[in-house]
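Note sheet for the following structure.
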Amino acid sequence: MSTPSRARLEVRQLRVTYPAGGGLLNRGPDINAVDRLSLTVTAGRTLGLVGESGCGKSTLARTIVGLRRPAGGEIWYDGQRVDDADAARRRRLTAEIQMVYQDPYSSLNPRKKVSFIVTEGWRVHRGLVPRHEWADRTADLLARVGLAAEVADRYPHQLSGGQRQRVGIARALALSPRIVVCDEPVSALDVSVQAQTLNLLADLREDLGLGYLFIAHDLSVVRHISDDLAVMYLGRIVETGPAAVVYDRPAHPYTQALISAAPVPRPWAAPPRERIVLTGEVPSPASPPSGCRFRTRCRLAQPRCAEVEPELRTVAGREVACHYAEVSLSGDVALDKAVR
């Protein structure tokens, strides 16, 4: 049996599909929102997952915590497969994998007091916490996330956005999880409140040994909380590795474009960098481009990119799905001279 500090969440070749439109008789092939995606989250570490809206990040998050069923692949937690488990075993396993949702306004039931919201998990997992301990345990959870005990008697509409998100974090902690999926947990908050929430999440990770899958579209947010970084495009991982390696020297052209658009905290002290503007629209996941999915927007695209889909391979201390990652790292965009 694994020790708590070694708890691992593994996603292996996961596929998640949505039905295409067109009605019952004219329905087309299913849309791959997540396509053959693999990643690992370990307790005590944070994996940041970034990508543009619509790339499948939130679908992946909802599938990991059991809100969607995968069409293929596997989800493992601490050496046990989760996605094909029976209902009772899945409930036990997923109690240790909780989620903090993006919108603190819609993710809390407006008709219930905070005391009910925080104890929801104990109602589902009966016997986990004795009923006579609920009030004290709720006060402890609220204190851990920086809220006063009297907040338990309030409704969500009586709280600020930052307070609501702290309630959502307390709810996630109620079942003593080892892994927490954070689906853009600060994107709906004011900038000043974002920093407070990020600091709280970082403190909880250190105090409780939590592992985070931290999903965001803002690379400047992910950089400061993540140990490792994965970049997602149209349902697939295109680059992944240690956060410092990927952020300081990105290899995939898509990662380079995302990082070039991220705000720099002290621009006057930072070295100048090229702003890479992506052209064209994100292709539809219903009909992704052949070969490399990013090729229709890539400044390095060559005929081979349309013919062969690149797989993740190790390049300069990270994994990257690009035929010309070495050229991309070199900064030489005159690809015809570099590869011919």
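Read-outs throughout are calculated quantities, based only on the coordinates presented, and are distinct from any laboratory measurement. Note that the structure is predicted; figures quoted are calculated from it, not measured. Here the Cβ is made from the backbone with ideal geometry for all residues, glycine too, and neighbour counts use every protein chain on show.
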Counting only DSSP beta bridges fully inside the chain, the antiparallel percentage to nearest 5 is 60 percent
Output for region 57-157: trypsin sites (Lys or Arg not before Pro) sitting in coil per DSSP, at most 14 other Cβ within 10 Å, listed by number, reads 111, 112, 126
Residue 155 and residue 20 label points (each 7 Å along its Cα→Cβ direction) are spaced in nm at 4.6 nm
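Can you check what the net charge comes to around residue 246, using other residues whose Cβ is under 14 Å from the Cβ of residue 246 (Lys, Arg +1; Asp, Glu -1)?
Values: positive: 223, 249, 318; negative: 227, 228, 239, 248, 319.
Residues close to residue 246 contribute a combined charge of -2.
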For residue 89 and residue 67, extending 7 Å from Cα along the Cα-Cβ vector and measuring point to point gives, in nm, a value of 2.6 nm
For residue 100, the residues 5 or more places away or on another chain with a placed amide H closer than 5 Å to its own amide H are 181, 182, 183
For region 179-273, percent of DSSP beta bridges that are antiparallel (nearest 5) comes out at 55 percent
Neighbour-count ranking for 327, 167 (other C-beta within 10 angstrom, fewest to most) reads 327, 167
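What value, in deg cm²/dmol to 500, does the helix sum -39500 (n - 2.57) over DSSP H runs of n ≥ 4 give at 222 nm once divided by the residues of the chain?
Working: 13 runs with 106 residues, N = 340.
My calculation for the chain gives -8500 deg cm²/dmol from helical runs alone.
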Of 263, 285, 104, the most mobile residue in a GNM of the chain (C-alpha springs, cutoff 10 Å) is 263
For region 133-150, in residue order, the Karplus 3J(HN,Hα) values (coefficients 6.51, -1.76, 1.60; θ = phi - 60°; whole Hz; Gly and Pro = x) are 9, 4, 4, 5, 5, 5, 4, 5, 5, 5, 5, 5, 9, x, 10, 6, 4, 5
Quick calc, the chain, dipole around Cα centre from Cβ unit charges on Lys, Arg (+) and Asp, Glu (-), nearest 20 debye, gives 560 debye
Most exposed first, judged by fewest Cβ atoms within 10 angstrom, 314, 94 run 314, 94
Lys and Arg at +1, Asp and Glu at -1: neighbours of residue 169 with Cβ under 13 Å from its Cβ sum to +2
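Over region 92-187, what relative contact order in percent results from Cα pairs under 8 Å that are six or more residues apart?
Working: 128 pairs, mean separation 50.8, N = 96.
Once normalised by length, the contact order is 53 percent.
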Fewest to most Cβ atoms within 10 Å: 101, 254 sort as 101, 254
Karplus-derived 3J(HN,Hα) from phi for region 83-98 (6.51 cos²θ - 1.76 cosθ + 1.60, θ = phi - 60°), whole Hz, x at Gly and Pro, runs 5, 10, 6, 5, 4, 5, 5, 5, 4, 5, 5, 6, 4, 8, 10, 10
Isolated cysteines for the chain, Cβ-Cβ cutoff 4.7 Å, are 55, 182, 298, 322
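Report the calculated FRET efficiency for residue 326 and residue 260 (r = Cβ-Cβ distance, R0 = 22 Å), to the nearest 0.05.
Working: r = 19 Å, r/R0 = 0.88.
Once the sixth-power term is evaluated, E becomes 0.70.
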Given (i) 55, 53, 34; (ii) 56, 44, 40; (iii) 73, 58, 43 as possible values of Cα extents along the principal axes in Å, the one from the coordinates is (iii)
